[in-house]
Amino acid sequence: MVNGLLPLLDPLRGSNAWAVAFKLLLAVLFGGLIGLERRRKRRPAGFRTHILVCVGVTLAFCTNIFLFDLFAKLFPAGYDKLDISRLGAQVINGIGFLGAGTIIITGRHQVVGLTTAAGLWASACMGLAIGAGYFECATIAFVFIYLTITGFNNVEKKFTERSKNMNIYIIVQSSDDIKEVTDRLESLKITVYDVEITNIRELASQPPALFIESGLPERSPHSDVIMALAAIDGVISVEEV
């Protein structure tokens, strides 16, 4: 049965508009599924980041195929000796350094800027397609990239709201309140994997700030946990990170 289906996929392996749309849609689907799994485990590179990277790579390779076909028509005698991807490869490497500059780790153990970096990289790949004259591929990719950045954030939040793992950042009034926080988590049947005081050197002048890695029972709503911790008298602020 599988062998019978393979010939049906052959038209989708080319560089026409329908094939490009199918490839990019598959990149969104597969990259998104992997990203959701990572996001549910509270990893910094999540849903949208994986989609953008997967779409960008797909776009770059589609552009390479298009350029190879184009040069085969323009230079039929020696097209197989041309290396048309070297300049594009250097551009993509250079954008990697630029994207790395947008990624920072905050004092609350939050990694921010990953989606921006992935968007920069995917945009660079889109620019390669435009420069190559592969306008239909760049247009389709733009739609997927734009939808990923603007529309998929709510989808990501919906899937992660009930994930088992949860990272919490809490500021309490004094070190005496730390035990009350852990006791409240225990009463909610939440497993505490690790507790770290993030501002240990400034405790003399600042209230304790806790970074807690935890596991929730039966995928309880994260908002319920936040509300339960916020109700403690000694808690100044609490948020999920």
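The values are calculated or read from the model by the stated rules, or taken from the named source; none is laboratory data. Just so it is clear, the model here is predicted, and its values are computed rather than measured. Heavy atoms of the whole protein, side chains included, go into the accessibility calculation; ligands, DNA and RNA do not. Shrake-Rupley method; radii C 1.70, N 1.55, O 1.52, S 1.80 Å.
Ignoring ligands, DNA and RNA, please state the percent of accessible area on segment 137-241 from carbon and sulfur, probe 1.4 Å.
The value for segment 137-241 is 52 percent carbon and sulfur by accessible area.
Can you give the accessible area of D10 in Å² (nearest 10), computed on protein heavy atoms with a 1.4 Å probe?
Solvent-accessible area, nearest 10 Å²: 90 Å².
Could you state how much accessible area I200 has, in square angstrom rounded to the nearest 10, with a 1.4 Å probe and all protein chains kept in place?
Taking all protein chains as shown, I200 has close to 100 Å².
Which values, in whole Å and largest first, are the semi-axes of the equivalent ellipsoid of segment 126-224 obtained as the square root of 5 times each eigenvalue of the Cα gyration tensor?
43, 19, 9
Per-residue HN-Hα couplings for segment 12-22, Karplus 6.51 cos²θ - 1.76 cosθ + 1.60 at θ = phi - 60°, whole Hz, x for Gly and Pro?
8, 8, x, 10, 6, 4, 5, 5, 5, 4, 5
Where does each of H50, H222 land when they are ordered by accessible area, with a 1.4 Å probe and the largest first?
Final ranking, largest accessible area leading: H50, H222.
If I ignore ligands, DNA and RNA and count only protein heavy atoms, how much of V20 is accessible to a 1.4 Å probe, in Å² to the nearest 10?
Accessible area, nearest 10 Å²: 0 Å².
What ranking of D176, D194 comes out by heavy-atom accessible area, probe 1.4 Å, highest first?
These residues rank, largest area first, as D176, D194.
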